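See structure below.
Every number here is computed from the coordinates shown, using simple stated rules; none is lab data. Computed from a predicted structure; not experimentally measured. Here the Cβ positions follow ideal geometry from the backbone for every residue, glycine too, while neighbour counts run over all protein chains shown.
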Amino acid sequence: MIKKILAEIVGTFILVLFGVGTAVVAGDKVGILGIAFAFGLALIGAAYGIGPISGCHINPTASLGVWVAGRMSLKEMIGYWVGQFTGGIVSAWVVMTIANGVGGGYNIVATGLGQNGWSAGYQGG
């Protein structure tokens, strides 16, 4: 079980680091298609890397679906969730640290962190 939880930590870390990292750091440069590719390639890489170990859920809703389908115990699902939340939180901290060092700094209050909207300034406009 420990191997599965560690695999989920690593997989979720990879997905958040590359997907969210691309959106936050270079979203205005690569656009929606570049962000989609970052998420897709991160997911494929994680699937090949940790899929044989844990099934590569890397999302609490995927684990919930597997549990609802009766293919995993409640204890196992909670373990997966702990791993997924841990990987996501640590990776979000890494993305924020990287964003703070990009192009003269990063102000989370002024710019937000992965927030969407349709007002002036959306998508670098």
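Couple of notes before you dig in:
- For segment 2-111, the convex hull drawn through the C-alpha positions has a volume of 107 cubic angstrom per residue.
- Mean separation of Cα contacts under 8 Å, 6 or more apart, over the residue count of segment 1-63: relative contact order %: 49 percent
- Within the same chain, lysines fewer than 8 places from Lys75 are excluded, and of the rest, those with a Cα less than 21 Å from its Cα are Lys3, Lys4.
- Remark: segment 76-89, residue by residue, has Karplus-estimated 3J(HN,Hα) of 5, 4, 5, x, 4, 4, 4, x, 5, 5, 5, x, x, 5 Hz, where x stands for each Gly or Pro and the curve is 6.51 cos²θ - 1.76 cosθ + 1.60 at θ = phi - 60°.
- With a Förster radius of 35 Å applied to the beta-carbon distance between Ser73 and Tyr48, the computed FRET efficiency rounds to 0.85.
- Stretchable slack from Val30 to Ile98, in nm (0.36 nm times residue separation minus alpha-carbon distance): 22.7 nm
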